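Student: I have a structure I would like to understand better, so I am pasting it below and will then ask my questions one at a time.
The values are calculated or read from the model by the stated rules, or taken from the named source; none is laboratory data. Bear in mind the structure is a predicted one, so any value in this text is a computation, not a measurement. For neighbour counting, all protein chains shown are included, and Cβ atoms are generated from backbone atoms with ideal geometry for every residue, glycine included. Accessible surface areas use protein heavy atoms only, side chains included; no ligands, DNA or RNA. Shrake-Rupley method; radii C 1.70, N 1.55, O 1.52, S 1.80 Å.
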Amino acid sequence: MTATVSTTDTPLNASRAAGSGFARKAKAYLALTKPRVIELLLVSTLPTMIYAQRGFPSIGLILATLVGGAFAAGCAGAFNCYIDRDIDKLMHRTENRPLVTGEVTPREALVFSWLLGAASIVILWFGANPLSAWLGLGAIFFYVVIYTMILKRRTAQNIVWGGAAGCFPVLIAWAAVTNSVEWPAVILFMVIFLWTPPHYWPLSMRYGEDYRNANVPMLGAIAGAKVVSVQVVLYAWAMVACSLLMIPAGGAGWVYTVTAVLAGAWFLYESHALYARAQREDIQDKRAMKVFHGSISYLTLLFIALAVDPFVGNAITAG
């Protein structure tokens, strides 16, 4: 007596396969949005809203701004993946992105990008106000058109000017609360603008071979460590100086001030350490990542302090 084993899927197995396929597809779509970038952008959004409100805004406004902002950033990231799919397959750092592996087709990615963008504008417009929606649209345009389509493959200054797209969340956050863009928001915009080069150039040093293979002129890939380290130090000093403008012009109190000074001094130390190693020609690409990771810690600490500041004491320069 022999037993016959069926090689066809049972309903349960078929259901599991369908579920697994849906999960893979959803994960691929999520990867298109560059979640780690979104996380970093949202780090600046909620603290800015709290500081602008001098307290906690309504939950509805917070959710609308965070979700709308996340969708706008995800839309920009997905468009970036669509446009750069030709160079992503040439770089080890990006070779597993969904459009390279085939998990998502170019058409699917393009439709997904447009839908996310439309959803972000609608959410910001009706959940916050039209000004924040226009700023969200500006952020998408700046990242997709100015950075990805125009600057990225043409100039080593790509991340300097294109990186301005990552500064828009503070403007969106401030506008969502106050329906205006005031000096504190402009200062925070400039802090992130000046932060972006010393944040990203060490990363481009680490993955210099990737960018050279793809013929993308990131400064860290085409210039020597000595040149890059000088630029990192200059931008770091400008960033810290700009952050301190929140004291006289932004109404910052002691929590923000102490954090900005101490965190700024620490990041300047790391930047100068990178410069010193570069001048001794004693630097490896992986060592540059210490400044990259340090920049994330610096920005996180600064904006946590911004969120706490309204609840502890008064503005230092208050009359």
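Student: Could you tell me the distance between the Cα centroids of the stretch 167-215 and the stretch 148-163, to the nearest Å?
Tutor: Each part's Cα centre sits 13 Å from the other's.
Student: Under a cut-off of 21 Å between alpha-carbon atoms, report the lysines in cross-link reach of Lys34, not counting same-chain residues fewer than 8 places apart.
Tutor: Candidates past the 8-residue exclusion: Lys25, Lys89, Lys152.
Student: Just the accessible area for Leu135, please: 1.4 Å probe, Å², rounded to the nearest 10?
Tutor: 30 Å²
Student: Most fluctuating residue of Asn129, Asn215, Asn80 in a GNM of the chain with Cα springs under 10 Å: which is it?
Tutor: Asn215
Student: Taking a 1.4 Å probe, which of His293, His272, His92, His199 shows the most accessible area, and what order do the others take after it?
Tutor: Reading off the accessible areas and sorting them downward yields His92, His293, His272, His199.
Student: Which distance in nm do the two modelled labels at Lys89 and Asn215 give, with both placed 7 Å along the Cα-to-Cβ direction?
Tutor: 1.6 nm
Student: Would you mind telling me the share, in percent, of accessible area of the chain contributed by carbon and sulfur at probe 1.4 angstrom?
Tutor: About 65 percent, which is the carbon plus sulfur part of the accessible surface.
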